Every structure is written in structure tokens, then in C-alpha cells.
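Notes follow once the structure below has been shown.
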Amino acid sequence: MKSGLIDRYRDLLPVTDATPSVSLGEGSTPLVRSQSIGDSLGCKDLYFKLEGCNPTGSFKDRGMVMAIAKALEAGKKRIICASTGNTSAAAAAYGARYGLETLVLVPAGEIALGKLAQAMAYGARILAVNGSFDDALNAVRSIVEVMDIELVNSVNPYRIEGQKTGAFEIIDELGAAPDMLCIPVGNAGNITAYWKGFNEYQAMGRAETTPKMMGFQAAGAAPIVRGEPVLKPETIATAIRIGNPASWEKAEAARDESEGMIDMVDDNEIVDAYLRLAREEGIFCEPASSASVAGLIKLPELGVDLTGKTVVCILTGNGLKDPGTAEKRALVELEYVEPDIDSVMNLLNSGK
Ligand code: F0G
């Protein structure tokens, strides 16, 4: 049985017989066809790739499995990352499973509860830094210069190698590349990875075309769109609250080479898309993930015709990661009732 993406895509990844077989069953995530949003936009087909179905609930597992396999191959005993939450959860999980001491640096008070809970449960050492994700990443980059510890942020090239398999899966399943890929952009590793994956498949003759890469940042954290770093990034989508992405130039290259775009969506648009996904499609993703759909919804306004197009939106993380946002923004009041049939029937019949 093939359990994870290293086994599945072995020939297309930088692994050898010396690379340990690492897996938590990541990859092979569902590609679910839209039943409502796609039609409302005139798309031929719209699909959501549910990366929240990975073992730690986000796409980060694809990159982490490769980074960990290569760290083990190199004899490393410790790993480190800066994170807005998902990378730290993935690092902590694989670190725990493969006996690596895991150190994560997160912006204090700014990561979603589910992600913090994961890192704690997996037993990582968590340093909450007094600063932003960008400050934490700068610190980590300096630390790895002086300590024997493996950096597992997406500046580690093996992370990108693992994450490119998301593009392979889309083509394997659709039989062709979509016309467009919509994807949230934070530190810009994932858009870089997908672009690499699509190009590799095209070069091997497994797809005739590559999609236009449509990246979306949060308006309060949109350095690529604004053309300069954002010193105090702010957005409800904490996963992409990043002011100076490490893979900035690679994201621009993906945009330009694919004739795509990188634009931004504000928090209201992000929350609207988040609730539409949940209520019209039955898909609960985290706010950063819904930035891809918020961006898609905005494309006609930006002059992009979606008629007849096949589009894939990457839903990067599970909604359960960030229960606080659902509680605050879904605006559903609990209706308290006594646990007997008369009380329940009275309430239901009261017309409220
Ligand atoms: N969506 C989610 C749910 C994320 O956690 C991230 C990044 C992104 C999108 C953006 O991806 O950085 O490759 O452009 N999260 C990182 C982390 C920064 O630390 O977990 P990107």
C-alpha cells in the first residue's frame, strides 16, 4: 500500500535509497467540485482542493514530509521553524513521530488556537516571540547559522519539492491542467511550489498547458501587491499575516511566467467567502484559505472573464484550526432549551 506522497511520487522527488521512508499519510487530498459558487461566476468547472484533509490539517504536511526525510537522511537531530501556526503544527507532528527535537517560534498572541494546541500536544518547544512572523523568521535564519539545527521553513528547498505534488495531484485527477489556480499567498512558498509542479508535469508531457497562477494576499498584509514590505501586517487571516515574504521574487516569477496575477482581498471579502464555502458548499476551511475563493469571486470585477473556465482553488487549511473566527463571525446565536419534547417543539413553533 502506498501511504504518503514520497511513495506516490518517488520518481519525481529528490529521494534516494538512503532517504528514510517518512509518512503520516499526507497528500491525495480531495478535489471537490463546486455546486454553487462556480455556477454563480459562470465557470465551466470550479474545484476546491481540500488541503485541510492532510494529517495535521494543512498543506504544510506535503513540504514537511520531504524536509523531515532529508533532515533524517543528513543525520539531523533537531528542527526549527518560524510560523503563523500551520508550519509549526506540521513540524511538531513529524518531529514527534521521527524523534526530532522541535523548536518553533511564533508571533506571541497571534496564532489561531487550534494550531497552538497542536504544537503543544505534539510536544514541541514553543517560543512566543514579541514581534511578527517576519521578525520570527529573521531570528530563525540567524539561529541556524550558529546552531546545528535544520531549518524547516519553506526557504528549505525540500519543502517546495514536497508541496509541488499538489500540482501533480490536480493534473492526475483532472487529466489536464486547469485554466487557473487560485491560491492564498503568505510567505509565498506554496505558489512557488505549485508553479514548479505544473511546469515539471508539462515538461514531462503529462499536461499540455500550465494554469494562470492567481495569488491572493490579505489587504492588510499585501506587500507583493503594494510593492513594498508591510511593517505591521494586519488581517483576520492570521496564517497569511506576513509583511515580507521569503519567496517574494519567486511568487512574482510564477505570476509573470503564467500570465496570472497577485491581488488582494480585504477581511470582509475573506469572511464572506469563508461563510459561503461553509453554507453553500459544506466546506469549512480557515480564513486564509478562503482568500483564494474571495479572490476568485472578485476576478470578474477586475476584468477577468471566468466564462467557460476550469478553475481550482487551493483551500490550504482546515476550519477547525481557528475556531475563534467561526464563533465571532458566523453570527449564529445558540438557542437554549430544556431537554424535553414540549420545550423543543414550543421553541421550533414559536416562529423564531
Ligand atoms: N494558507 C494557510 C492556511 C497557511 O498556513 C499559509 C502559510 C498560507 C496559506 C500561505 O502559504 O506562506 O506558502 O504563501 N502559513 C505559514 C505558517 C506561513 O507558518 O504556517 P505560503
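The values are calculated or read from the model by the stated rules, or taken from the named source; none is laboratory data. Every value quoted in this text rests on a predicted model; they were computed, and no experiment measured them. All Cβ positions, glycine included, derive from the backbone under ideal geometry; neighbour counts span all protein chains shown. Each accessible area value is taken on the protein alone, full model and side chains, heavy atoms only, with ligands, DNA and RNA left out. Shrake-Rupley method; radii C 1.70, N 1.55, O 1.52, S 1.80 Å.
I need the full set of residues from the range 324-338 which are of a type in the set (Val, Ile, Thr) and assigned to a loop (DSSP other than H, G, I, E, B), in order please.
Scanning the range 324-338 gives VAL332, VAL337.
Between a first residue in the range 32-54 that is farther than 15 Å from GLU173 by Cα and in contact (Cβ under 8 Å) with a residue 12 or more places away in the chain and a second residue that is open to solvent by 10 Å² or more (accessible area, probe 1.4 Å) and assigned to a strand (DSSP E or B), which pairs have beta carbons less than 7 Å apart while being 6 or more apart in sequence or on different chains?
SER34/TYR47; GLY38/ASP45; LYS44/THR310; GLY52/ASN318
Mind checking which residues of the range 61-84 are open to solvent by 10 Å² or more (accessible area, probe 1.4 Å) and at negative phi?
LYS70, LEU72, GLU73, ALA74, LYS76, LYS77, ARG78, THR84
Give the range 226-241 a look and list any residue that's under 19 Å from the mean Cα position of the chain (by Cα) and within 15 Å of the ligand (Cβ to nearest atom), or say none.
If the condition is that a residue be under 19 Å from the mean Cα position of the chain (by Cα) and within 15 Å of the ligand (Cβ to nearest atom), then PRO233, THR235, ILE236, ALA237, THR238, ALA239, ILE240, ARG241 are the ones that fit.
Just the residues that are charged (D, E, K, R) and either away from the ligand (no atom under 13 Å from the Cβ) or part of a loop (DSSP other than H, G, I, E, B) (or both), please, taken from the range 253-267.
ASP256, GLU257, GLU259, ASP263, ASP266, ASP267 - these are the residues of the range 253-267 that are charged (D, E, K, R) and either away from the ligand (no atom under 13 Å from the Cβ) or part of a loop (DSSP other than H, G, I, E, B) (or both).
Check ALA119, ALA188 and return the single one that is over 22 Å from ARG255 (Cα atoms) and buried (at least 20 other Cβ atoms within 10 Å of the Cβ).
Checking each option against the conditions leaves just ALA119.
List the number of the failed condition for ASN244; all other conditions in (1) open to solvent by 50 Å² or more (accessible area, probe 1.4 Å); (2) assigned to a helix (DSSP H, G or I); (3) within 15 Å of the ligand (Cβ to nearest atom) hold.
All conditions pass for ASN244, except number (2).
Yes or no, residue by residue, for (1) of a type in the set (D, E, K, R); (2) closer than 25 Å to ASN86 by Cα; (3) not assigned by TED's automatic domain parsing to the domain that holds LEU116:
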position	(1), (2), (3)
ILE270	no, yes, yes
TYR274	no, yes, yes
VAL304	no, no, yes
ASN318	no, yes, yes
LYS321	yes, yes, yes
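Within the range 181-225, track down each residue that is farther than 25 Å from LEU306 by Cα and away from the ligand (no atom under 16 Å from the Cβ).
Correct list: GLU200, ALA203, MET204, GLY205.
Can you name the helices (runs of 4 or more DSSP H) wholly within the range 29-119 that have at least 1 residues being within 16 Å of the ligand (Cβ to nearest atom)?
Of the helices (runs of 4 or more DSSP H) lying wholly inside the range 29-119, those with at least 1 residues that are within 16 Å of the ligand (Cβ to nearest atom) span 60-73, 86-97.
Which members of the range 155-168 meet the condition of being in a helix (DSSP H, G or I) and either basic (Lys, Arg) or surrounded by fewer than 20 Cβ atoms within 10 Å (Cβ to Cβ) (or both)?
Hits for the range 155-168 are PRO157, ARG159.
Against the definition (outside any helix (DSSP H, G or I) and over 30 Å from GLU110 (Cα atoms)), how does ALA177 come out, yes or no?
Working: outside any helix (DSSP H, G or I): yes; over 30 Å from GLU110 (Cα atoms): yes.
Considered against the rule, which asks whether it is outside any helix (DSSP H, G or I) and over 30 Å from GLU110 (Cα atoms), ALA177 comes out as yes.
Take the residues in the range 275-288 that are assigned to a helix (DSSP H, G or I) and either of a type in the set (A, V, I, L, M, F, W, C) or open to solvent by 10 Å² or more (accessible area, probe 1.4 Å) (or both); name whichever of them is nearest to the ligand (Cβ to nearest atom).
Across the range 275-288, the extreme among qualifying residues is ALA288.
Out of the range 221-238, which residues are touching a strand residue (DSSP E or B) at 6+ places or on another chain (Cβ under 9 Å) and open to solvent by less than 70 Å² (accessible area, probe 1.4 Å)?
ALA221, ALA222, PRO223, ILE224, VAL225, VAL230, PRO233, THR235, ILE236, ALA237, THR238
Could you check the range 289-309 and list, in sequence order, the residues that are more than 16 Å from the ligand (Cβ to nearest atom) and not in a loop (DSSP other than H, G, I, E, B)?
Across the range 289-309, the qualifying residues are ILE297, LYS298.
Of GLU249, GLU228, which residue is of a type in the set (Asp, Glu), in a loop (DSSP other than H, G, I, E, B) and in the same structural domain as GLY303 (by TED's automatic domain parsing)?
That would be GLU228, the only listed residue that is of a type in the set (Asp, Glu), in a loop (DSSP other than H, G, I, E, B) and in the same structural domain as GLY303 (by TED's automatic domain parsing).
Restricting to the range 39-60, give me the number of residues that are at negative phi and small (Gly, Ala, Ser).
Residues in the range 39-60 being at negative phi and small (Gly, Ala, Ser): 3 in total.
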